[in-house]
Amino acid sequence: MLRGRSEPHDFQSRRQSLSPAPLHHARSGVQDLLRCGPASLRIRSGLNLKSPQSRWNLRRDVLSQHILALAAVAATLLVVGVLHSTVVDLPAAILLYLVPIVLAASRWGRGPAITAVVASILGHDLLFVDPRGTFSIARADEALGLVLLLFVALVTAQLADGARRGAETAREAAVARRSDELKTALLRAVTHNLRTPLASIKASVSGLRQPDAAFPEEDRAELLAEIEEEADRLDRLVTNLLDASRLEAGGLTLSRHPQDLAELVGAVVDRLQPRFAGRKVGVEITEELPPVACDYAQIDQVVTNLLENALLHTPPATPVVARATRDNGAVRVEIEDRGPGIAEADRERLFRPFERGRTRAPGSGLGLTIARGFVEAHGGNLWLEDGQQQGARFVFTLPVGNGDR
């Protein structure tokens, strides 16, 4: 038997009625998404060069790259020494110096590659060119060999660095192209999902304000209920935009406390009961589920999004089942429907921002993206698989844990 539970204060504040403040934040959230695109596609430097700490971090990273290049050259010198003392002629072994040079150029750029070139030349001169142990060169042919090695190494480093820069440019171009596509999808989704409820609200309010219209009490109640329903729909859109903006910006914060997922799932089902329209929604909860350290409001939103998704995209007469079971060191939650199912090729696509299913049901295209982002922020996983008979089953797992964080 599920026990009742009062929702935490921070969750109640998320569910408050629509007000100008959320609309303002929604507008800023849309602007952030338009400016940046989704987190999974952005290339971030993560550095604010105006900060002394950031400047120090940048210098530390550059220094570590040069140190790694020197370490690669030292390892190559060791290999050249071993090969030269056994079976390989020294001129042939010299080609091995190109390995750390190409590695440094392709991984870290021109600076570490030049460091590797200079270290290779000086190390070879010091260890293998007579008189050994000094940086002097006794024979002209050996000096010419070092000059040729220097030339080949510099050209190779330049080519490798150019290939790296070309790959980065192509990747950034692909990111920019994808970002433009997402901006277009965002504008289309937001425009459509704002226009429909606003038009309905305006029509209902205009009817109620007509001075010569005498509505029966039943009609007035119906119009007011429609206004409330559409306002709730706008509230869900605003919440999705804010959540997507926080996920994109990496600004998501968790308030983890031990929670009973049985109570949470039951509370979501009870809250969504008016939207079931007579549909059978079953709840199957394993007894004595362990507590899960999670942010109640965010996991509530995950279950809400998955249930709403099942209700929107399946025929009205089909049942939906919410389950919660223990799965090794995690709690497993399933939302299973008896709809037409989802082709395996489309499953991952549906978790991308603004992607829509084939049922053409209304929605922002953000619910599944937000649900996966929240679950992964808790160290869990969310995926889609076939149902037991037919339809789709959304599954997410959360690691079992205690304590506040």
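Taking the conditions (1) farther than 23 Å from D235 by Cα; (2) modelled with pLDDT of 85 or more in turn, A345 satisfies each one other than (2). Among residues of the range 205-221 being part of a helix (DSSP H, G or I) and either hydrophobic (A, V, I, L, M, F, W, C) or in contact (Cβ under 8 Å) with a residue 24 or more places away in the chain (or both), the one that is surrounded by the most Cβ atoms within 10 Å (Cβ to Cβ) is L208.
So that you can scan it fast, the table gives a plain yes or no per residue for (1) part of a strand (DSSP E or B); (2) more than 24 Å from R195 (Cα to Cα):
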{"residue": "T325", "(1), (2)": "yes, yes"}
{"residue": "E336", "(1), (2)": "yes, yes"}
{"residue": "T369", "(1), (2)": "no, no"}
{"residue": "G379", "(1), (2)": "no, yes"}
{"residue": "L382", "(1), (2)": "yes, yes"}
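Do you know which of the residues in the range 366-405 that are buried (at least 17 other Cβ atoms within 10 Å of the Cβ) and of a type in the set (F, W, Y) is modelled with the lowest pLDDT? Here the answer is F374.
Determine, yes or no, whether P315 is at pLDDT 85 or above, assigned to a strand (DSSP E or B) and over 20 Å from W383 (Cα atoms). For P315, the condition - at pLDDT 85 or above, assigned to a strand (DSSP E or B) and over 20 Å from W383 (Cα atoms) - is not met.
Between A322, A297, the distinction of being touching a strand residue (DSSP E or B) at 6+ places or on another chain (Cβ under 9 Å), touching a residue at least 40 places away in the same chain (Cβ under 8 Å) and either among the aromatic types (F, W, Y) or surrounded by 14 or more Cβ atoms within 10 Å (Cβ to Cβ) (or both) belongs to A322 only. Across the range 78-90, not a single residue is classified as within 26 Å of G162 (Cβ to Cβ) and either under 42 Å from the mean Cα position of the chain (by Cα) or surrounded by 12 or more Cβ atoms within 10 Å (Cβ to Cβ) (or both).
The one condition from (1) among the hydrophobic types (A, V, I, L, M, F, W, C); (2) at pLDDT below 85; (3) part of a helix (DSSP H, G or I); (4) under 15 Å from D243 (Cβ atoms) that F354 does not meet is (3).
For the range 325-346, what are the residues that are surrounded by fewer than 23 Cβ atoms within 10 Å (Cβ to Cβ) and under 17 Å from F374 (Cβ atoms)? A330, R332, E334, listed by residue number.
The values are calculated or read from the model by the stated rules, or taken from the named source; none is laboratory data. If you're wondering where the values come from, they're calculated on a predicted model, not measured in any experiment. Methodologically, a virtual Cβ is constructed for each residue, glycine included, from the backbone with ideal geometry; neighbour enumeration extends over all protein chains shown.
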